[in-house]
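Working notes, beginning with the structure itself.
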Amino acid sequence: MNKTIAALKICLFAFVFSACGQGVSHKTPVSKQQNKSKSVEKGIKTGAEQTDLYLPLLKGKRVGMVVNPTSVIGKETTVDALLKLGVNIVKIFGPEHGFRGDASAGIHVDDSVDKATGIKVVSLYGKNSTPTKENLEDVDILIFDIQDVGVRFYTYINTLQHVMEAGAMYNKEVIILDRPNPNGYLIDGPILDPKYKSGIGLQPIPIAHGLTIGEYAQMLNGEGWLKDGLKCKIKVIKNANYTHDMPYVLPVKPSPNLNTQQSILLYPSTCLFEGIYVNHGRGTQFPFTILGAPYYKGIYQFSFTPTGIKGMAETPIFKDEVCYGIDLRNYDTSILRKTKQINLSWLIELYQKSPRKEDFFNSKLSNQMGTIEKLVGVGDFRQQIIDGKSEAEIRKSWEPGLSKYKEMRKKYLLYP
């Protein structure tokens, strides 16, 4: 028991990222953010680490775990740690990328049995996104423990909603083990127009929502956003010693293509390129930190060549073609923290310099592209870029919705 307690006290550590430049023609620069020795705020304890606060709630219960590779206590998975503490885990529910995180983005995952534990794994990114009544017949209580990155189109907040809806429908309490939001300081972007509701955006929140997963759960309940206005019985195990402005380096990459701290911090800005006819680093080891396309040859010097990478991007846009563009791997992300704004300048620049402007937003050109309206969440962004609107003019169109959201958000905050 003492060993287990010691393990739970292990400070979260910053993982070391590979510097090998698969598919990139330049030596990898070292991010200023990655150089910082104080990358993890001392004293922060995740909800999962504070087992004394929730183990009593699990006594005598058949537990279902909604988890993925970010669900860790020290160096162990939350599942393994709780099994050692005698918790009766009867089922695991896995979201996008699967429980073990080895499925590529957008790939449906089948139900299975976890080889390490022998526990049945039910996929929530396959034929069902919501646990069924049958799935929950042998479950008394659910634990949700997944790291979020604070962005509307990051699908784990949708998984949370579906789990809470199932909990409400079938009278199952959901315990949420909260984790810090690495982009918690950022509240920015237009509010999602219901016309563009999709699998990458379900609720009227901005691109960067500035909430932890526990706070968002409270918002789902409080705003009546669950199906049919249902309310789910939830218990949030809060982070200790945490505020939204604290820098936080994740101990485990949150998904295959968010594999560096730099990519996580740039993600609110660079994920918009999933709706643009450029490669945003998929098919390299540097997704969301490099941007380019073959047709920028002669315009930009920086180049890279996307390839197929199993578990990350098997068929990236412009696969095996030399792309030219912008290298953000050494961009000082403290600028984002100072401005507290998503960066639109890279997208505006690439459009203005594109010799193929008519193709810039054409999602029919590649099945690897999304629709820009679904990503941004509103219908006028495309035309704003085409019309040459400035970043300030585009931001003005996000009001008063963004200000109203910021005010509404205050009701659900668990942290300063």
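The values are calculated or read from the model by the stated rules, or taken from the named source; none is laboratory data. Small disclaimer: the values here were computed from a predicted structure and weren't measured. Ideal geometry is used to build each Cβ from the backbone, glycine not excepted, and the neighbour counts take in all protein chains shown. SASA here: full protein model, heavy atoms, side chains in, ligands and nucleic acids out. Shrake-Rupley method; radii C 1.70, N 1.55, O 1.52, S 1.80 Å.
Is at least one residue of the stretch 132-145 surrounded by 24 or more Cβ atoms within 10 Å (Cβ to Cβ), under 19 Å from VAL90 (Cβ atoms) and aromatic (Phe, Trp, Tyr)?
yes
For the stretch 87-98, enumerate the residues that are open to solvent by less than 10 Å² (accessible area, probe 1.4 Å) and not in a strand (DSSP E or B).
Once the filter is applied, which keeps residues that are open to solvent by less than 10 Å² (accessible area, probe 1.4 Å) and not in a strand (DSSP E or B), the stretch 87-98 yields PRO95, GLY98.
Listed residues VAL121, VAL174, VAL149; which is within 23 Å of GLY60 (Cα to Cα), β-branched (Val, Ile, Thr) and modelled with pLDDT of 95 or more? Break it down into steps so the answer makes sense when it comes.
Working: VAL121 fails: modelled with pLDDT of 95 or more; VAL149 fails: within 23 Å of GLY60 (Cα to Cα).
One residue alone meets the criteria, VAL174.
Given the condition open to solvent by less than 20 Å² (accessible area, probe 1.4 Å) and either under 30 Å from GLU314 (Cβ atoms) or among the aromatic types (Phe, Trp, Tyr) (or both), answer yes or no: does some residue in the stretch 225-241 qualify?
Checking the stretch 225-241: not a single residue is open to solvent by less than 20 Å² (accessible area, probe 1.4 Å) and either under 30 Å from GLU314 (Cβ atoms) or among the aromatic types (Phe, Trp, Tyr) (or both).
Which residue out of LYS235, LYS253 is more than 30 Å from LYS357 (Cα to Cα), assigned to a strand (DSSP E or B) and touching a residue at least 24 places away in the same chain (Cβ under 8 Å)? Steps first, answer last, please.
Details: LYS253 fails: assigned to a strand (DSSP E or B).
The conditions single out LYS235.
Where in the stretch 12-86 are there helices (runs of 4 or more DSSP H), lying fully within it, with 2 or more residues that are modelled with pLDDT under 50 and open to solvent by 10 Å² or more (accessible area, probe 1.4 Å)?
Answer list for the stretch 12-86: 32-35.
Say whether the condition of being modelled with pLDDT of 95 or more, under 20 Å from the mean Cα position of the chain (by Cα) and under 26 Å from VAL252 (Cα atoms) is met by at least one residue in the stretch 223-234.
No; the residues of the stretch 223-234 include none that is modelled with pLDDT of 95 or more, under 20 Å from the mean Cα position of the chain (by Cα) and under 26 Å from VAL252 (Cα atoms).
Looking only at the stretch 327-374, how many residues end up being free of Cβ contacts under 8 Å to residues at least 60 places away in the same chain and in contact with a Pro (Cβ under 8 Å, 6 or more places away or on another chain)?
Within the stretch 327-374, residues that are free of Cβ contacts under 8 Å to residues at least 60 places away in the same chain and in contact with a Pro (Cβ under 8 Å, 6 or more places away or on another chain) number 0.
Contact list please: Cβ distance under 9 Å, first residue in the stretch 147-174 and touching a residue at least 60 places away in the same chain (Cβ under 8 Å) and within 16 Å of LEU375 (Cα to Cα), second residue open to solvent by 20 Å² or more (accessible area, probe 1.4 Å) and part of a helix (DSSP H, G or I), pairs at least six apart or on different chains.
PHE153/GLU274; PHE153/LYS374
Can you tell me which of (1) within 28 Å of ASN343 (Cβ to Cβ); (2) in contact (Cβ under 8 Å) with a residue 24 or more places away in the chain; (3) open to solvent by 50 Å² or more (accessible area, probe 1.4 Å) is the one PRO194 doesn't meet?
(2)
Out of (1) in contact with a Gly (Cβ under 8 Å, 6 or more places away or on another chain); (2) open to solvent by 10 Å² or more (accessible area, probe 1.4 Å); (3) among the polar types (S, T, N, Q), what's the single condition that is false for ASN181?
For ASN181, the failing item is (2).
Name the residues in the stretch 387-402 that are within 26 Å of TYR331 (Cβ to Cβ) and either within 23 Å of the chain's Cα centre (by Cα) or not hydroxyl-bearing (Ser, Thr, Tyr) (or both), would you?
Matches in the stretch 387-402: GLY388, LYS389, GLU391, ALA392, GLU393, ILE394, ARG395, LYS396, TRP398, LEU402.
What pairs can you find where one residue is in the stretch 309-326 and closer than 19 Å to THR260 by Cα, the other is surrounded by fewer than 15 Cβ atoms within 10 Å (Cβ to Cβ) and of a type in the set (D, E, K, R), and their Cβ atoms are less than 8 Å apart, with a gap of 6+ or different chains?
GLY311/ASP102; ILE326/GLU349
All but one of (1) open to solvent by 10 Å² or more (accessible area, probe 1.4 Å); (2) part of a loop (DSSP other than H, G, I, E, B) hold for LEU265; which doesn't?
The one condition LEU265 does not meet is (2).
Yes/no matrix, rows are residues, columns are (1) in contact with a Ser or Thr (Cβ under 8 Å, 6 or more places away or on another chain); (2) within 26 Å of ILE187 (Cβ to Cβ):
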{"residue": "PRO287", "(1), (2)": "yes, yes"}
{"residue": "TYR300", "(1), (2)": "no, no"}
{"residue": "SER303", "(1), (2)": "yes, no"}
{"residue": "ALA313", "(1), (2)": "yes, no"}
{"residue": "LYS319", "(1), (2)": "yes, no"}
{"residue": "SER334", "(1), (2)": "no, yes"}
{"residue": "LEU344", "(1), (2)": "yes, yes"}
{"residue": "LEU350", "(1), (2)": "no, yes"}
